[in-house]
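Data first, discussion second: the structure below is written as structure tokens.
The values are calculated or read from the model by the stated rules, or taken from the named source; none is laboratory data. Keep in mind it's a predicted model, so treat the numbers as computed, not measured. Methodologically, a virtual Cβ is constructed for each residue, glycine included, from the backbone with ideal geometry; neighbour enumeration extends over all protein chains shown. We work out accessible area using only protein heavy atoms, side chains counted, and drop any ligands, DNA or RNA first. Shrake-Rupley method; radii C 1.70, N 1.55, O 1.52, S 1.80 Å.
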Amino acid sequence: MFEALSLLAVATVLLLGSPGPAPLTLAALGAAQGFRRSLPFLAGLIAGLLLIMLAAASGLASLLQSFPVLASTLKWLGAAYILYLAFRIATSPMVTANSDNAVGFKNGLLFNLMNPKAYMALLSLLSQFALPFGSPLASYALTIAVCLLLATLVDGLWLALGKLAGSKLQSPRQIIWLKRLMAMGILVALVLSLSQGIAATTA
């Protein structure tokens with residue numbers, strides 16, 4: 001059980017915590033609107049992960065594999081939404097405690113739900129690293145709980161790193177450039193993610 005748990009933990013951290021559109025968006029939001037104001041977005045991401053893992057366990061991920069057009073449509077819709085968030089991060093005014101323009105729960109939820117790669121990645125976690133624990137239902141439930149816990153910790157760390165980077169800057173102009181830099185990082189991560197998907201389909 002310990003070995004299976006260790007393998008699941010390593011796979012989850014590497015799969016969900018490595019630099020990509022979601023972690024870089026979290027870091028950008030941490031710098032742009034602070035840790036506490038960005039927690040609803042983080043909660044939305046985790047809720048999206050939960051729904052995706054439930055969908056993967058119920059066979060939706062296999063459905064996406066069987067219908068490439070559906071997966072491709074979802075992929076490009078997700079890419080467009082990530083572009084929108086990157087633009088919003090780069091151009092939004094500073095978020096204060098009393099402002100209501102923070103990127104929130106709904107944005108985080110849609111971010112993950114419109115990402116077909118998340119369905120495939122989480123399907124691989126459930127199929128390859130499911131914890132051996134009683135019945136299949138109990139095994140899936142425990143595996144999903146561990147993945148969500150680790151995802152919350154890793155994503156929270158990205159958010160905290162962004163907040164730390166933002167707190168080191170002294171002027172609004174510096175923060176504006178940091179937001180733009182992180183938005184560019186999100187775009188680069190998105191392009192790399194899309195190019196890997198295209199390479200995989202043409203290989």
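Things worth noting here:
- Of Met53, Met184, Met114, the order by accessible heavy-atom surface (1.4 Å probe, DNA, RNA and ligands excluded), from most exposed downward, is Met184, Met114, Met53.
- At the residue level, Leu54 shows approximately 90 square angstrom of accessible surface with a 1.4 angstrom probe and all protein chains present.
- One decimal place: the segment Phe67-Leu7 gains 18.6 nm when fully extended, by the rule 0.36 nm per residue minus the C-alpha distance.
- Taking 0.36 nm per residue of separation and subtracting the current Cα-Cα distance, fully stretching the chain between Ala145 and Phe87 would add 17.6 nm.
- Rounded accessible area per residue of region 1-85, 1.4 Å, Å²: 47
- With DNA, RNA and ligands ignored, accessible area of Ser124 (1.4 Å probe; Å², nearest 10): 40
- As a calculated quantity, the FRET efficiency between Ser127 and Lys168 at R0 = 45 Å, using C-beta atoms, amounts to about 0.60.
- Only protein atoms count toward the accessible area here, which uses a 1.4 Å probe; on region 113-155, the carbon and sulfur part of that area reaches 76 percent.
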